[in-house]
Each structure stands twice: as structure tokens, then as C-alpha cells.
Amino acid sequence: MNTIAESLGQARKSQGIWFAGIAIFVTAWFVLYNQLLPFARWLVTQLPIAPGSHLASSVEFFFYDTPKVLMLLTLVVFAMGVVRTFFSPERTRALLAGKREGLGNIAAAHLGIVTPFCSCSAVPLFVGFVSAGVPLGVTFSFLIAAPMVNEIALGLLFALVGWKVALTYLAFGLSIAIVSGWVIGRLHLEGWLEPWVREVRAGAVDLEDEHLTWVDRFEAGWDAVKEIVGKVWYWIIAGIAAGAFIHGYVPAELLSSIMGADSWWSVPAAVLLGIPMYSNAAGIIPVIEALLGKGAALGTVLAFMMSVIALSLPEMIILRKVLSLKLIAVFVAVVGTGILGVGYLFNALFS
Amino acid sequence: MKNIKVLGPGCKRCQTTEDMVKAAAAALGIEASIEKITDYAEMAKYGIVSTPGIVIDGKVVHAGGLPKEDDLTRWLQA
């Protein structure tokens with residue numbers, strides 16, 4: 001027993017074995033992935049459910065989407081976990097410090113996608129950026145892009161809804177982060193930070209260069225899979241269950257009359273509804289998929305998704321430690337307006 | 001006697017980091033005073049952007065994510 005564990009431990013240190021293992025894993029992944037739909041259909045026929053019924057259609061959606069989403073998530077999170085070892089918040093800050101607005105906002109929004117970031121780090125990150133001379137607006141561009149335009153959202157949109165929607169989400173998510181950050185910077189609201197934030201001066205930090213080998217990077221990817229997939233799987237199951245219900249039971253006429261492109265009020269309603277809702281991108285996308293399948297307008301649905309992810313009440317409560325209420329209100333108003341704009345634009349373009 | 005500070009607002013990973021530091025110091029037989037810093041202003045003064053961070057005798061050795069066991073041993077012995 002011990003020798004097996006030891007040789008496994010040895011194997012984990014070998015770069016060749018990692019490469020070979022990943023190649024085998026990815027091949028198996030694709031083979032399995034292509035069998036998911038036939039398998040879900042077969043599974044439903046094995047159950048005592050009348051074929052063609054609402055229930056059958058819901059159950060099939062659930063059986064198909066659950067393994068699909070989990071498999072995709074694993075692949076995407078692993079790849080991004082490896083990519084992220086090339087970035088760190090400290091390095092991102094060094095890149096952004098002293099950058100002018102405009103270019104700085106664009107750089108910050110893009111770095112927001114690849115820089116490792118967890119919401120419990122939001123406050124130290126905010127303070128660390130501002131105190132090191134990253135302009136407030138640039139900091140906001142980063143803080144808006146980091147949760148909204150992430151690999152989970154993009155990867156799942158790509159696989160479940162299609163590459164066009166994923167690309168537009170990427171482009172417009174980045175635009176909202178850049179423009180909102182720029183607007184907040186133009187408003188010169190530094191005085192609305194909590195007083196202690198303005199006073200803190202960041203100490204110079206000189207972390208020794210970590211020499212990461214490929215094995216270290218792969219292990220970081222695997223750690224990310226364990227952590228993220230372990231943390232979000234219940235969101236996903238809940239999201240897929242909600243999606244499955246919509247898929248099987250909600251009549252298309254009802255949804256398209258409420259969330260269709262013809263009802264102008266549906267976009268603001270979607271944004272408002274999204275604020276108190278808090279979900280991970282992984283949980284919301286199966287719902288999005290089902291809504292789109294029932295004829296909901298793309299702009300309305302994307303506005304809802306962006307609002308759920310980017311404007312979340314828990315995050316605002318955390319940020320209250322560094323921002324005054326006035327500044328939080330401005331943040332919500334600016335980002336909310338951006339999301340509204342995207343919603344209307346899409347409904348106009350794609351209807 | 002080493003002075004070790006673990007910087008973090010109290011999320012689960014910060015707690016794990018503190019436990020790892022304690023365990024590593026005990027395993028090496030190093031006498032250490034371990035202090036938890038949860039104040040954001042204090043953290044910012046050390047210049048870290050991501051938590052948890054580890055400061056040993058005034059020097060920041062780690063920021064962001066769980067430290068690796070090997071690194072921890074190396075920093076403590078330095």
C-alpha cells in the first residue's frame with residue numbers, strides 16, 4: 001500500500017507523466033463528452049416516465065446538463081488554473097500603478113480576466129491597488145471585470161449557448177468594465193473612500209521570484225479544480241434543476257411575452273431582479289440556456305446574467321468597509337446603466 | 001524566537017494557513033510567536049494585495065493562496 005502511494009507521489013513530480021496523463025485525460029474527456037446526449041436519452045427511457053411528457057423533457061435536460069457542465073467546468077478550470085500561475089495580483093498591481101486612465105482602464109479590465117482573484121480578497125486587493133497609486137477608476141475596471149468576465153462564465157456560455165453569445169458576452173463585459181471604471185475615474189470620487197483607505201500607504205513588497213516548474217503549474221491547475229468544482233457543484237445542480245424545470249414546464253408563449261424583445265420593461269426588470277440574487281456564473285448559465293431555448297430575448301437574458309454576477313449584494317457589503325455608501329451607489333448606478341445599455345442593444349441587434 | 005504574522009480577513013484559507021504555519025514551526029522545533037492580522041489597514045501597510053499573506057520577522061514571504069509545505073519549511077529555516 002505504502003509503495004503505491006510513494007510511487008504515485010514520485011510520479012506527480014515527473015513532468016513527462018503529467019503531460020502523458022493530461023493527454024489521456026483530454027482524449028477520454030472528448031470521447032465521453034460526445035456520448036452524453038445518447039446516454040441521457042437512454043437513461044430516461046429506463047425510467048418509468050411517459051416519453052414526450054413534460055417530466056421526461058425536464059429529466060433529460062437534467063441528466064444531460066449535469067455531467068456536461070461538470071466536465072466542462074473541470075476542463076476550463078484546470079486550463080485557467082495553469083494560465084493563472086503566470087499572473088499574480090501583486091504583478092498586476094505593478095503593471096497598473098501609475099498608468100494613465102483610459103489605457104489603464106483597458107489594461108485593468110483585461111488583467112481582471114486572468115489574475116487570480118477570490119471574493120474574500122476583494123478588500124485587501126482594493127486597498128492594495130489604491131494605496132499603491134493605481135487610479136480609483138482603473139481599480140474599479142479591474143474589480144468589475146474580475147468576477148463578471150471569468151473563465152467559468154465564458155467557457156460555459158461557449159459550450160451551452162454557442163460561441164457567438166460567448167464572444168459578445170466577452171466583448172460587452174469588458175466594455176462595461178472599461179467604460180464604468182473610466183466614468184468613475186472622471187467623477188473624481190476619491191473623497192468618497194473611507195478615510196482610512198486614503199491614508200494608508202502601501203509598503204514596498206519584494207516577494208522572491210517563485211520559480212515554478214511545469215509540474216508546479218499543473219498542480220496549481222489541479223488544486224483549482226478541487227477547490228472551485230468542490231465549491232460550486234451545488235450551485236450548478238441547483239441551476240440545472242431550475243433550468244430543467246423551465247425547459248420542461250414553462251410554456252414558451254408565457255416566457256417570450258415576459259422576456260421577449262417586445263416588452264421594453266423586461267431589461268430593467270431583469271437587472272433589478274439580478275441584484276439581490278447571488279449566484280456563481282456556473283449556477284446561472286443552465287438557467288440562461290433554458291430561458292433562451294424558450295424564446296427569451298438574448299439582451300434581456302444577458303442583462304440578467306451580468307446583473308446577477310457583477311452586482312451582488314454580498315460583495316457590496318464587503319466593499320462597504322472601504323467605500324462610502326455614496327460611492328457604492330455610484331458604482332451600482334454606473335454599472336447598472338452599462339448593463340441596461342447592453343441589454344437594449346442586444347435586443348435591438350438580434351431580434 | 002521568530003515573529004510570524006499571518007495576514008488575512010479570516011476566511012477559511014487564512015485559517016488553514018495559520019494552522020500550517022503552526023504545524024510547520026512545531027515540526028521544525030522552531031520557537032515562534034504567531035500573530036493573526038485581520039485589520040485591512042495593517043495588511044495594506046505590508047504591501048500585499050492578495051490574502052492570506054505570511055510575514056516572518058518583518059519580511060513578507062508569501063501572498064495569495066495556501067503556501068506550499070516545502071516553501072514554508074524553507075522560510076522558517078532561513
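Scanning region A:80-139 for residues that are more than 13 Å from chain B (Cβ to nearest Cβ) and not small (Gly, Ala, Ser) yields a count of 16. For region B:33-48, a residue qualifies if it is more than 9 Å from chain A (Cβ to nearest Cβ), closer than 16 Å to B:CYS14 by Cβ and of a type outside the set (D, E, K, R), and the qualifying residues are B:ILE34, B:ILE37, B:THR38.
Of these, A:GLU289, A:GLU253, which one is in contact with a helix residue (DSSP H, G or I) (Cβ under 6 Å, 6 or more places away or on another chain) and on the phi < 0 side of the Ramachandran plot? A:GLU289 is the lone residue from the list that is in contact with a helix residue (DSSP H, G or I) (Cβ under 6 Å, 6 or more places away or on another chain) and on the phi < 0 side of the Ramachandran plot. For B:ASP57, the requirement of being free of Cβ contacts under 8 Å to residues at least 12 places away in the same chain, exposed (fewer than 15 other Cβ atoms within 10 Å of the Cβ) and more than 9 Å from chain A (Cβ to nearest Cβ) is not met. Is one or more of the residues making up region A:23-31 over 18 Å from A:GLY155 (Cα atoms) and surrounded by 11 or more Cβ atoms within 10 Å (Cβ to Cβ)? Scanning region A:23-31 turns up at least one residue that is over 18 Å from A:GLY155 (Cα atoms) and surrounded by 11 or more Cβ atoms within 10 Å (Cβ to Cβ).
Would a scan of region A:46-55 turn up a residue that is in contact (Cβ under 8 Å) with a residue 40 or more places away in the chain and not assigned by TED's automatic domain parsing to the domain that holds A:LEU156? Yes, that holds for at least one residue. Kindly check whether there is at least one residue in region A:57-74 that is farther than 20 Å from A:VAL287 by Cβ and touching a Pro at 6+ places or on another chain (Cβ under 9 Å). There is no residue in region A:57-74 that is farther than 20 Å from A:VAL287 by Cβ and touching a Pro at 6+ places or on another chain (Cβ under 9 Å). Identify the residue in region A:138-181 that is closer than 20 Å to A:GLU101 by Cα and surrounded by fewer than 20 Cβ atoms within 10 Å (Cβ to Cβ) and, among all such residues, is farthest from the chain's Cα centre (by Cα). Filtering region A:138-181 for residues that are closer than 20 Å to A:GLU101 by Cα and surrounded by fewer than 20 Cβ atoms within 10 Å (Cβ to Cβ), the one farthest from the chain's Cα centre (by Cα) comes out as A:VAL179. Is it true that some residue in region A:246-255 is among the hydrophobic types (A, V, I, L, M, F, W, C) and either farther than 27 Å from A:GLU60 by Cα or buried (at least 24 other Cβ atoms within 10 Å of the Cβ) (or both)? Checked region A:246-255: no residue is among the hydrophobic types (A, V, I, L, M, F, W, C) and either farther than 27 Å from A:GLU60 by Cα or buried (at least 24 other Cβ atoms within 10 Å of the Cβ) (or both).
Quick grid of which residues meet (1) under 22 Å from A:LEU157 (Cα atoms); (2) in contact with a strand residue (DSSP E or B) (Cβ under 9 Å, 6 or more places away or on another chain); (3) of a type outside the set (Gly, Ala, Ser):
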residue	(1), (2), (3)
A:TRP264	no, no, yes
A:ILE275	yes, no, yes
A:GLU289	yes, no, yes
A:PHE304	yes, no, yes
A:VAL308	yes, no, yes
A:LYS321	no, no, yes
A:ALA333	no, no, no
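Each row is one residue, and each column tells you yes or no for (1) surrounded by 13 or more Cβ atoms within 10 Å (Cβ to Cβ); (2) on the phi > 0 side of the Ramachandran plot; (3) facing chain A (nearest Cβ under 8 Å).
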site	(1), (2), (3)
B:GLN15	yes, no, no
B:ASP19	no, no, no
B:SER50	yes, no, yes
B:HIS62	yes, no, yes
B:ASP70	no, no, no
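hydroxyl-bearing (Ser, Thr, Tyr) and modelled with pLDDT of 85 or more, is that true of A:THR139? Yes: the conditions hold for A:THR139. Within the set A:VAL127, A:VAL69, A:VAL59, A:VAL76, the sole residue that is touching a residue at least 60 places away in the same chain (Cβ under 8 Å), assigned to a helix (DSSP H, G or I), closer than 25 Å to B:GLY8 by Cβ and of a type in the set (Val, Ile, Thr) turns out to be A:VAL127.
Considering (1) among the polar types (S, T, N, Q); (2) modelled with pLDDT of 85 or more; (3) closer than 19 Å to A:GLY173 by Cβ, the lone condition that A:SER266 does not fulfil carries the number (3).
The values are calculated or read from the model by the stated rules, or taken from the named source; none is laboratory data. Everything quoted here is computed from the prediction, not taken from an experiment. Positions of Cβ are generated from backbone atoms using ideal geometry, with glycine treated the same way; all protein chains shown enter the neighbour counts.
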